[in-house]
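Single-structure report; data block below.
The values are calculated or read from the model by the stated rules, or taken from the named source; none is laboratory data. Bear in mind the structure is a predicted one, so any value in this text is a computation, not a measurement. As a convention, Cβ positions derive from the backbone with ideal geometry for all residues, glycine included, and neighbour counts pool all protein chains shown. SASA here: full protein model, heavy atoms, side chains in, ligands and nucleic acids out. Shrake-Rupley method; radii C 1.70, N 1.55, O 1.52, S 1.80 Å.
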Amino acid sequence: MKTTYHTRKINGVEIFYREAGDKNKPTLVLLHGYPTSSHMFRNLIVDLSDKYHLIAPDYPGYGRSEQPPMKDFDYTFENMASIVTTLLSELDIQKYSLYLMDYGAPIGFRIASASPEKIDTLIIQNGCAYDEGLETFWDPIKAYWKNIDDKEAEATLKTFHSPDGLKWQYTHSVPDESAISPDNWEIDLRHLERPENGAIQLAMFYDYQTNVVLYPKWQQYFRDHQPETLIVYGKDDYIFPGVGAEAFKKDLKNLEFHLFPTGHFALESYGKEIGELISDFLDRKVNK
């Protein structure tokens, strides 16, 4: 089932997305993180497309989607969630599972808590919904939330998506760095080097605090609706450490839990194993 590549104008913005699989089969929506794009799902899409319908969009300002000027577009998590929701509506996808990674987690939790009836399952990979998941990495971001004019914090944040910072995100705590393709950070660098993109990344860092405010709401969604959930997490991630994965156990009862000895982009080290877990999980939960 080959992957196809599309663009569609959503809320006035050209959104790029990857699609594969039979549209009549259960849909899995893949929501990427920072500072990457749907490219991070390229192999997983192939692995799952024989049994599932997959959609993986790029957010505005990321990957191959349009980057509207900041004066014309609010680079916020609420707006990103609106873009994804509208895309799914226009594609007539009314019921689906969500794969939530990094930025994809708050975007997806906004979508799921707004329309619980549309959610088949959740698959969470290194994304957060609890305060204990925000450890040392987040200190300069929290300083930036307190004072957007904090130049020391801003300078630190800019290093996260510098060429060396990008490579670090992909290679930190991985079991075999030689198995991580440099294409990953080189492709990310393409959109990060667009004019104004650095300011967009800072705006998203600043807006991340609006997600933290919503953590209690999302936790209530977990308790009230108990979505079938699979956690496949790089436990040694410095950005979203394993303790953040453990926190989901407080509220989610229908939870299957797997930690892998790797870092942030767990699919790069354990893509085959994660793909097999997802396939088995979806076979039991939605492909009955």
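Summary of computed values
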{"item": "Shape call, the range 209-274: gyration tensor on alpha carbons, a/c limit 1.5", "result": "oblate"}
{"item": "Rg to Rh quotient for the range 241-288, alpha carbon positions, Kirkwood Rh", "result": "1.00"}
{"item": "Spacing of the two label points (7 Å from each Cα toward its C-beta) at Lys151 and Asn24, in nm", "result": "6.4 nm"}
{"item": "Cβ-based charge dipole, the range 209-278, positive-most Cα from Val232, Tyr270, Tyr221", "result": "Tyr221"}
{"item": "Accessible-area composition of the range 11-167, carbon plus sulfur, in percent [1.4 Å probe]", "result": "45 percent"}
{"item": "Listed residues Leu54, Leu87, Ala114: farthest to the positive end of the dipole of the range 11-138 (Cβ charges)", "result": "Leu54"}
{"item": "Those aspartates and glutamates that a straight Cα-Cα span of less than 17 Å connects to Lys250, excepting residues fewer than 8 apart in one chain", "result": "Asp131, Glu132, Asp224, Glu228"}
{"item": "Dipole in debye (nearest 20) - the chain, about Cα centre, beta carbon charges: Lys, Arg +1; Asp, Glu -1", "result": "800 debye"}
{"item": "Ser178 paired with Thr136, simple spin-label distance in nm, labels 7 Å along Cα-to-beta-carbon", "result": "2.9 nm"}
{"item": "Student exercise, the range 151-287 dipole from Lys, Arg, Asp, Glu Cβ charges, in Debye to nearest 20", "result": "540 debye"}
{"item": "Cα-Cα over 28 Å, subset of Lys23/Lys71; Lys23/Lys272; Lys95/Lys249", "result": "Lys23/Lys71"}
{"item": "Dimensionless Rg ratio for the chain, taking C-alpha atoms and the 2.2 N^0.38 Å reference", "result": "0.93"}
{"item": "Rule-of-thumb Rg ratio for the range 1-96 [Cα; 2.2 N^0.38 Å; N residues]", "result": "1.05"}
{"item": "Accessible area of the range 77-133 divided out per residue, in Å², using a probe of 1.4 angstrom", "result": "26 Å²"}
{"item": "Gain on full stretching of the segment that runs from Gln209 to Lys2 - 0.36 nm per residue minus C-alpha separation", "result": "70.7 nm"}
{"item": "Arg190 versus Gln220: modelled label distance in nm, points set 7 Å from Cα along the beta carbon direction", "result": "4.3 nm"}
{"item": "Helix-only CD estimate at 222 nm, as mean residue ellipticity for the chain, using -39500 (n - 2.57) per DSSP H run (n ≥ 4)", "result": "-13000 deg cm²/dmol"}
{"item": "Cα pair count fraction exceeding 24 Å, expressed as % - the range 151-249", "result": "41 percent"}
